Amino acid sequence: MLLIHCPYCEMERPEVEFKYGGQAHLVREPQKATDEEWTDFLYFRDNTRGLHAERWRHAVGCGRFFNCLRDTVSDKIAATYKAGEPRPSSP
Amino acid sequence: MKFSAVSLARQALSGHKDWPAQWRSPEPKRYYDAIIVGAGGHGLATAYYMAKEHGIANVAVLEKGWLGGGNTGRNTTIIRSNYLWEASEGIYGHAHKLWPGLSQELNYNVMFSPRGVMLLAHNHHDEQAFRRHIHANRLAGIPNEWLTPEQARDFCPILNIDANIRYPVRGAALQRTGGTARHDAVAWGYARGASARGVDIIQNCEVKAILRDASGAVTGVETTKGEIATRKIGVVAAGNTSVVMAMAGLRMPLESFPLQALVSEPLKPVMPCVVMSNAVHAYMSQSDKGELVIGAGTDGYVSYSQTGGPHIAVSTLEAICEMFPITSRLKMLRNWGGIVDTTPDRSPILSKTPVAGLYVNCGWGTGGFKATPGSGHVFAHLLATGEPNEIAAPFALDRFRSGNLVNEATAAAVAH
Ligand SMILES: Cc1cc2nc3c(=O)[nH]c(=O)nc-3n(C[C@H](O)[C@H](O)[C@H](O)COP(=O)(O)OP(=O)(O)OC[C@H]3O[C@@H](n4cnc5c(N)ncnc54)[C@H](O)[C@@H]3O)c2cc1C
Ligand SMILES: [Zn+2]
């Protein structure tokens, strides 16, 4: 089970308190998007093998969304950071 | 060499020490007419049917580990075809028709055992969804029938149908023709058959790059065993598909999640069928060795770790103990994970791609073992002719743009 640091609660809590929210930093712009961009936004994902930026929600804690950098091979978390903050440069 | 009573008797005389290797293990040639990436059941079946039905035997199957060591060798082997949509009934139904004859076809015992697959309904929604499936399946000529809780218990006597438990059984959908097969034997049987027809199966050979010419068309692959030229590549890499496709600059509508399973210590025969519960993510059958084979749910995040969190397996076991009280003191022997490639509509992708010469067979997610013969069969056609046949056509990549999804996700959410 993952141990995840919530950047709002500033606490490390077990994975069962959280809900995974998919790839982070996807931009949703339905008005501007072409068909290709919209298809990409809806369905296509990086599915990175390695360091992956992803959303999590502290579902049974503060309830807020935040982002997380995790290595998808070792499952080790490199960093968590608040929604809206840029992806940290790789450690 | 053909397996028969005579060959068995002859080998018995020499103490079974003279059985030949079942497939060749050659060094890669410099050029192949087609290269399959991934020696799981689907990749091996593809190569087998290319050689057998399309006369294309100058084919290599490249495998980064050992053949059948991916999801093929990690799955709980449930076989059924009672999916909701016509396109799904097409591909899973096609596979289901090939299973009964597969041992004969391959001269290899794949231990197909159509002992019946029963899907439990625990709530009103399950009941409505399953009845809808039953009607849809009957229209398509796919067997599926409704059982009352008592009939379900008669079909599987260890099932607890007490009305006052956490996951009460309100009924079940039964496909009597569903069942299980021996996963390793499926991979080995196709490997042996393909190798005998001239296909080179090359293990411990990881594809590291896809090579292309100025027009963008594929010209070969770079591997841990050197460069190999080809004009046709079929990627059949399950959980690692996104990684391989990225080598040709393509992004895929896939996410890779861990999916776990367990086996118990062996018991005398207690379970005559397969029981599935999508609502609690518990899937159980008994192997011929007597172990209870138990499938759990997926972990909630993208991962390539081939493990998963213990809480996932625990919640499945809690449900299993309640549904089958006889198991409550049973020891589990092993727990493992595979990496499943899931699509947004929970249906597979059998498709050409925007890169000339590059084809992909993936997205089978949590439930592709059952489709192995059918998937290999139609993908061989696609690779050989460059065009999908009518069974494969609905599973093109392009459906995510056109909106013609084959949405099995709404109906069942999981599809073991
Ligand atoms: C725990 C679990 C339970 C399941 N239960 C069921 C079930 O009950 N019923 C059912 O129908 N399905 C089930 N499934 C799903 C089923 O196992 C898969 O859909 C199916 O086996 C996929 O077969 P495949 O040949 O496509 O993939 P795999 O067997 O995974 O083969 C892909 C191969 O590609 C290789 N590869 C990857 N990258 C490279 C590279 N770069 N170079 C060379 N080789 C590469 C891998 O090493 C692997 O051997 C289950 C899966 C799991 C994990
Ligand atoms: Zn929090």
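The values are calculated or read from the model by the stated rules, or taken from the named source; none is laboratory data. Because the structure is predicted, anything quoted here is derived from the model rather than measured. We place every Cβ from the backbone using ideal geometry, glycine too, and count neighbours over all the protein chains shown.
Could you tell me whether any residue of segment A:3-15 is under 22 Å from B:M252 (Cα atoms) and in contact with a Lys or Arg (Cβ under 7 Å, 6 or more places away or on another chain)? No, every residue in segment A:3-15 fails to be under 22 Å from B:M252 (Cα atoms) and in contact with a Lys or Arg (Cβ under 7 Å, 6 or more places away or on another chain). Scanning segment B:179-197 finds no residues that are part of a loop (DSSP other than H, G, I, E, B), under 20 Å from the mean Cα position of the chain (by Cα) and surrounded by fewer than 19 Cβ atoms within 10 Å (Cβ to Cβ).
Could you please let me know if B:A60 is in contact (Cβ under 8 Å) with a residue 60 or more places away in the chain, in a helix (DSSP H, G or I), within 16 Å of ligand 1 (Cβ to nearest atom) and surrounded by 21 or more Cβ atoms within 10 Å (Cβ to Cβ)? Against the criterion (in contact (Cβ under 8 Å) with a residue 60 or more places away in the chain, in a helix (DSSP H, G or I), within 16 Å of ligand 1 (Cβ to nearest atom) and surrounded by 21 or more Cβ atoms within 10 Å (Cβ to Cβ)), B:A60 does not qualify. Criterion first (assigned to a loop (DSSP other than H, G, I, E, B) and within 16 Å of ligand 1 (Cβ to nearest atom)) does A:R49 satisfy it? When the stated conditions are applied, A:R49 passes them. Can you find a residue in segment B:228-235 that is surrounded by 15 or more Cβ atoms within 10 Å (Cβ to Cβ), more than 13 Å from B:A60 (Cα to Cα) and within 14 Å of ligand 1 (Cβ to nearest atom)? No, segment B:228-235 has no match at all.
Can you say whether B:V340 is surrounded by 18 or more Cβ atoms within 10 Å (Cβ to Cβ) and out of contact with any Phe, Trp or Tyr (no Cβ under 8 Å at 6 or more places or on another chain), as far as the supplied structure shows? If you could, list the steps in order and put the result at the bottom.
On the way: surrounded by 18 or more Cβ atoms within 10 Å (Cβ to Cβ): yes; out of contact with any Phe, Trp or Tyr (no Cβ under 8 Å at 6 or more places or on another chain): no.
Here the answer is no, as B:V340 does not meet what is asked.
A:V73 falls short on exactly one of the conditions (1) closer than 17 Å to B:L254 by Cβ; (2) among the aliphatic types (A, V, I, L, M); (3) assigned to a helix (DSSP H, G or I), and that condition is (3). Among the criteria (1) among the β-branched types (V, I, T); (2) in the same structural domain as B:Y32 (by TED's automatic domain parsing); (3) out of contact with any His (no Cβ under 9 Å at 6 or more places or on another chain), the one B:T72 does not fulfil is (3). Screening segment B:172-192 for residues that are of a type outside the set (A, V, I, L, M, F, W, C) and closer than 17 Å to B:G116 by Cα and picking the one that is nearest to ligand 1 (Cβ to nearest atom) gives B:T180. Restricting attention to segment B:264-307, the residues that are away from chain A (no Cβ under 14 Å), in contact with an Asp or Glu (Cβ under 9 Å, 6 or more places away or on another chain) and in a loop (DSSP other than H, G, I, E, B) total 5. With respect to the stated conditions, B:L62 is more than 14 Å from chain A (Cβ to nearest Cβ) and either out of contact with any helix residue (DSSP H, G or I) (no Cβ under 8 Å at 6 or more places or on another chain) or within 16 Å of ligand 2 (Cβ to nearest atom) (or both). Return yes when B:K17 is among the basic types (K, R) and in a helix (DSSP H, G or I) and no when it is not. It is false that B:K17 is among the basic types (K, R) and in a helix (DSSP H, G or I). If you check B:K225, B:K268, B:K232 for being at pLDDT 95 or above, among the charged types (D, E, K, R) and within 30 Å of B:L405 (Cβ to Cβ), only one passes: B:K232. Scanning segment A:4-22 for any residue that is more than 26 Å from B:A409 (Cβ to Cβ), surrounded by fewer than 17 Cβ atoms within 10 Å (Cβ to Cβ) and away from ligand 2 (no atom under 16 Å from the Cβ) turns up nothing.
When segment B:218-227 is limited to residues that are more than 11 Å from ligand 1 (Cβ to nearest atom) and under 15 Å from B:A356 (Cα atoms), the one that is surrounded by the fewest Cβ atoms within 10 Å (Cβ to Cβ) turns out to be B:T219. The set of residues from segment B:236-254 being surrounded by fewer than 22 Cβ atoms within 10 Å (Cβ to Cβ) and within 14 Å of chain A (Cβ to nearest Cβ) comprises B:V243, B:A246, B:M247, B:G249, B:L250, B:R251. Within segment A:29-68, which residues are crowded, with 16+ Cβ neighbours inside 10 Å, within 11 Å of another protein chain (Cβ to nearest Cβ) and either over 14 Å from the mean Cα position of the chain (by Cα) or touching a residue at least 40 places away in the same chain (Cβ under 8 Å) (or both)? Matches in segment A:29-68: A:T39, A:D40, A:L42, A:Y43, A:F44, A:R49, A:W56, A:C68.
B:P269 meets each of the listed conditions (1) in contact (Cβ under 8 Å) with a residue 24 or more places away in the chain; (2) touching a strand residue (DSSP E or B) at 6+ places or on another chain (Cβ under 8 Å) apart from (1).
Of everything listed in (1) assigned to a helix (DSSP H, G or I); (2) within 17 Å of B:A196 (Cα to Cα), the single unmet condition for B:S25 is (1). Condition (residue is within 13 Å of chain B (Cβ to nearest Cβ), within 27 Å of B:D345 (Cα to Cα), within 16 Å of ligand 1 (Cβ to nearest atom) and of a type in the set (V, I, T)) applied to segment A:7-27: is it met by at least one residue? No, because not a single residue in segment A:7-27 is within 13 Å of chain B (Cβ to nearest Cβ), within 27 Å of B:D345 (Cα to Cα), within 16 Å of ligand 1 (Cβ to nearest atom) and of a type in the set (V, I, T).
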